[in-house]
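What follows is a short report on a single structure.
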Amino acid sequence: MKLSVVDLNIYANTDKINEYVFKTFIRILLTRGDYVKLIIVDNYEFMSKKAAQILSSQIILKPNSVLGLATGSTPEGMYEILVKMYQEEGLDFSNITTFNLDEYYMINPNNKQSYNYFMHEKLFNSVNVLPENINMLNGMTNNIEHECKSYEEKISKCGGIDLQVLGVGKNGHIGFNEPDFKFEAITHLVELDEETIEANSRFFNNKEEVPTKALSMGMKTIMNSRKIILLANGEEKAEAIKQAVQGSIMPETPVSILQLHPDVTIIVDKEAAKLINEK
Ligand code: F6R
């Protein structure tokens, strides 16, 4: 399938997109090609397998890789396969460094709904990644600015993220960068959208328990990763995936910015791919 990477419908009004995005856009327009690699698979199992294979290749080729990781239902299957690869094939995480995309604000890391807990349950406790190489935003911080700034500094100090794994919200959010009138640049505090709170309430006893805020890597943090893989499954993600592949690039659909990244692979099942038009 031949896909156009950048829809020229991009907001002409440049003050709506930050300077970084604009410069990147110009650079990519000048060297335009097929940047978004799209892999459509039959189902969730194959999506998870492909994603785990890409992560394991990254780890084998660069054992001291810096990985950007996501939580949520989408990557669970991928983590399960990676744990098996560690147990059965000796995939070695001992030199890997990880940075997670986001964490709820004002949630204890030991709370079962925290992303910290999720990552330890699904991956960290079952592989040989060193605790000192695991980086998660502190959802209990009383100094948000310092927390966000030092997270960015840590990423830079580690040489930047080699491979970032992303899921996507129904509303097109990546990390917790919700639809907005501007792209947020770096790690910051976000107000979660009603739709996100509703979607994530399935992990909590009720909607009222879902935190309304979170700390999240910003769009620039994500876009600075050397490689990105975006995973999505199910019909409810179809609109977001259409936006990621061929939508206008605008902050109202954050995932659309990925079209400006030089090395993005989108792995989706048939359901999530169903609104993509062949060109
Ligand atoms: C999670 C994250 C979010 C999720 C998105 C989809 O760390 O950054 O962007 O990827 O909300 O969530 P699921 O996979 O539960 O549909």
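A search for C-beta distances below 9 Å between a residue of segment 52-65 that is farther than 20 Å from Glu132 by Cα and any residue that is assigned to a helix (DSSP H, G or I) and of a type in the set (Ser, Thr, Tyr), counting only pairs 6+ apart in sequence or on different chains, returns Ala52/Tyr79.
Note on segment 31-68: residues that are of a type in the set (S, T, N, Q) and either at pLDDT below 95 or touching a Ser or Thr at 6+ places or on another chain (Cβ under 8 Å) (or both) amount to 4. Whether any residue in segment 209-216 is in contact with an Asp or Glu (Cβ under 9 Å, 6 or more places away or on another chain) and free of Cβ contacts under 8 Å to residues at least 12 places away in the same chain is what I want to check. No: zero hits. Output yes when any residue across segment 223-242 is surrounded by fewer than 24 Cβ atoms within 10 Å (Cβ to Cβ) and β-branched (Val, Ile, Thr), and no when none is. Among the residues of segment 223-242, at least one is surrounded by fewer than 24 Cβ atoms within 10 Å (Cβ to Cβ) and β-branched (Val, Ile, Thr), which makes the answer yes.
If you go through segment 79-91 one residue at a time, do you hit one that is crowded, with 17+ Cβ neighbours inside 10 Å, in contact (Cβ under 8 Å) with a residue 24 or more places away in the chain and within 14 Å of the ligand (Cβ to nearest atom)? Among the residues of segment 79-91, at least one is crowded, with 17+ Cβ neighbours inside 10 Å, in contact (Cβ under 8 Å) with a residue 24 or more places away in the chain and within 14 Å of the ligand (Cβ to nearest atom), which makes the answer yes.
Give segment 133-146 a look and list any residue that's β-branched (Val, Ile, Thr) and either out of contact with any strand residue (DSSP E or B) (no Cβ under 8 Å at 6 or more places or on another chain) or crowded, with 17+ Cβ neighbours inside 10 Å (or both), or say none.
Across segment 133-146, the qualifying residues are Ile134, Thr141.
One line per residue, one yes/no per condition, for (1) more than 15 Å from Thr98 (Cα to Cα); (2) within 15 Å of the ligand (Cβ to nearest atom); (3) buried (at least 21 other Cβ atoms within 10 Å of the Cβ); (4) not hydrophobic (A, V, I, L, M, F, W, C):
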residue	(1), (2), (3), (4)
Cys148	yes, no, yes, no
Lys154	no, no, no, yes
Gly160	no, no, no, yes
Phe176	yes, yes, yes, no
Asp180	yes, yes, no, yes
Thr187	yes, yes, yes, yes
Glu195	yes, yes, no, yes
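Quick test for you: out of Ile229, Ile241, pick the one residue that is touching a helix residue (DSSP H, G or I) at 6+ places or on another chain (Cβ under 6 Å) and either closer than 24 Å to Phe46 by Cβ or small (Gly, Ala, Ser) (or both).
Within the list Ile229, Ile241, the selection yields Ile229.
May I ask you to verify whether Asn135 is within 15 Å of the ligand (Cβ to nearest atom) and either of a type in the set (S, T, N, Q) or closer than 26 Å to Thr265 by Cα (or both)? Yes, satisfied.
The values are calculated or read from the model by the stated rules, or taken from the named source; none is laboratory data. Predicted model only: the values in this text are computed from it and were never measured. Backbone-built Cβ (ideal geometry, glycine too); neighbour counts: all protein chains shown.
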